[in-house]
Amino acid sequence: MINGIELLVDGASYLGAGLCIGFGAIGAAVGEGYAAGRANQAASRLPERSGEIIKNMLIGQAVAESAGIFALVIAMLLMFMSFPEGAMSAVSLIAAGLCMGLGAIGSGIGSGFPAGAACEGMARQPSVMGQLTTNMLIGSAVCQTPAIFAMVVSFMLMFIQFGDRAVNPNVAAIMGAGLSTGLAAIGSGLGGGMAAGGSCQAIARQPLAFSRVTTTMLVGQAVSQTPAIFGLLISFVLMFKIFPPSAGIITATALLSAGLCMGLGGIGPGLGNGLAAVDAVIWVGRNEEAAGSLTRTMLVGQAVSQSTAIYAMVVSLVLIFVI
Amino acid sequence: MEIAGADLVRAAALLGAGVAMGFGAIGPGVGEGYAAGQACSAIGRNPREAGLLTRTMLVGQAVSESTGIYSLVVALLLIFVV
């Protein structure tokens, strides 16, 4: 019915490249635009120091851009490299593109928050411009971690030889692996970015609280990254477990569903953990003596908001190992 | 229906081009719009600095545009080159 089926891999790589840059371009652009907007508000408050504010905006935007650059690199590799033949290879290339594309969204938007907050903070408190830039860079760097997870899984999907596995369930496992990390990285990127933005806000208000605020931010961001780590775990299970051949669609559907489950299930908790962290960080800055109580409450709250990500992971593992 | 493999590849490339530019247009649209809105509110607060604020807005929007340009380049490559 289809002549020249061996060219399927080429077609899949082009589709994967399109998906990769298509989704990947969203996050960085939104984050950078947000940073530009806040920077402009800051410049209107303090026009005399607008040069430094704009410089800070550009630095923060550059970090946000990195998620978009990862997506561009993967897209270019997908378009111009040659890959082995076969249906497994074709699906793994589409999955690789989806994974990196989706994974770049959260980190791109998230890195815009500290950039914007740092610029606003500079207008508020010009004497601590250096500290604000430092904190912005620390927070943004942690915020990029989910995009890096997505890039790692993308590379694995592109370069691991899946060809010798049975097509029937393993093709769905590979697609599930791409979706799992790609989607879960959205929430973690956003959440980590919100926490970083809160820390820049807090330092502008209370520069002396710098170290406490940074510590709370890092703790909050660490918890925010956990859904992306769950997604990464499920991706590894789906990629490295070789599933025995099966007839029919049940096992394949279960594996695809496992990937979707963990991926989608990571979005909300990642975002929610960030929402918990941002206010905790801001109030640690405002009320340093309450830092212990605030951190404890943040962690308890984040543990509860993490619960549905754990349910999603349990359901994913059940779908992989029990069905 | 007979589908030639080469046709399928071309079809996939065209679909990829559409997806690349289609989704890729979302981000710059949202980001640049937000920047523009904030610029207007900033000028409302401080109309004397309108020149500086407009220039800042354009610089920020240009950076935000960059990933949209990447999408455009990939889409054009997929249509005309590969």
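Where a number appears in this text, it was derived from the coordinates with a stated rule and is not lab data. Keep in mind it's a predicted model, so treat the numbers as computed, not measured. Here the Cβ positions follow ideal geometry from the backbone for every residue, glycine too, while neighbour counts run over all protein chains shown.
For peptide A:99-108, the mean count of partner chain Cβ atoms within 10 Å of a residue's Cβ comes to 1.
To one decimal place, what Kirkwood hydrodynamic radius in Å is obtained for segment A:258-322 from all pairs of distinct Cα atoms? Walk me through the numbers on the way to the answer.
Details: mean 1/r = 0.0775 Å⁻¹.
With all distinct Cα pairs of segment A:258-322 included, I get 12.9 Å.
Taking a Cβ cut-off of under 13 Å around A:Leu255, the surrounding Lys, Arg, Asp and Glu residues balance to a net charge of +2, with basic ones at +1 and acidic ones at -1.
Averaged over peptide A:59-72, how many Cβ atoms belonging to another chain are found within 10 Å of each residue's Cβ? If you can, show how the numbers build up before the last one.
Numbers: counts 0, 1, 6, 1, 0, 4, 5, 0, 1, 7, 3, 0, 5, 6.
Rounded to a whole number, the mean comes out at 3.
Axis angle, to the nearest 10 degrees, between helix A:129-143 and the longest C-alpha principal axis of chain A: 20 degrees.
Under unit Cβ charges (Lys, Arg +1; Asp, Glu -1), what dipole magnitude, rounded to 20 debye, does the protein assembly as shown have relative to its Cα centre?
1020 debye
When ranked by the protection proxy of mean other Cβ atoms within 10 Å per residue, highest first, what sequence do the peptides A:176-183, A:121-128, A:67-74, B:42-49 form? Working shown, then result.
Details: A:176-183: 32.2, A:121-128: 19.4, A:67-74: 26.9, B:42-49: 15.8.
By packing density, highest mean first, the sequence is A:176-183, A:67-74, A:121-128, B:42-49.
Around A:Ala28, under 15 Å between beta carbons, what's the net of Lys plus Arg minus Asp minus Glu among the other residues? Don't skip to the answer; put the middle values down first.
Working: positive: none; negative: A:Glu32, A:Glu65, B:Glu32, B:Glu65.
The answer is -4.
Within the shell of other residues whose beta carbon sits under 15 angstrom from the beta carbon of A:Ala42, the net charge comes to +4, with Lys and Arg scored +1 and Asp and Glu -1.
With Rh defined as the Kirkwood radius, the inverse of the mean 1/r over Cα pairs, the Rg/Rh of chain B is 1.29.
Tell me what chain A gives for mean residue ellipticity at 222 nm when only DSSP H runs of n ≥ 4 count, each as -39,500 (n - 2.57), the sum divided by the residue total, rounded to 500 deg cm²/dmol.
Numbers: 9 runs with 275 residues, N = 323.
Per the formula, -31000 deg cm²/dmol.
Just the C-alpha atoms of the protein assembly as shown: what Rg/Rh do they give, with Rh taken as the Kirkwood radius?
Numbers: Rg = 22.4 Å, Rh = 21.5 Å.
In the protein assembly as shown, Rg relative to Rh is 1.04.
Computed over segment A:33-81, the P(r) curve from all C-alpha pair distances, binned at 5 Å from the origin, holds 5, 20, 20, 15, 11, 9, 8, 6, 4, 2, 0 percent per bin. Here the relative contact order of segment B:22-81, from alpha carbon pairs under 8 Å that lie six or more residues apart, stands at 49 percent. Across segment B:2-44, no residue has a backbone nitrogen under 15 Å from the label position 7 Å along the beta-carbon direction of B:Ala62. Can you tell me which of A:Met79, A:Met239, A:Met136 moves the most in a GNM of chain A? Springs connect C-alpha atoms under 10 Å apart. Fluctuation is largest for A:Met79.
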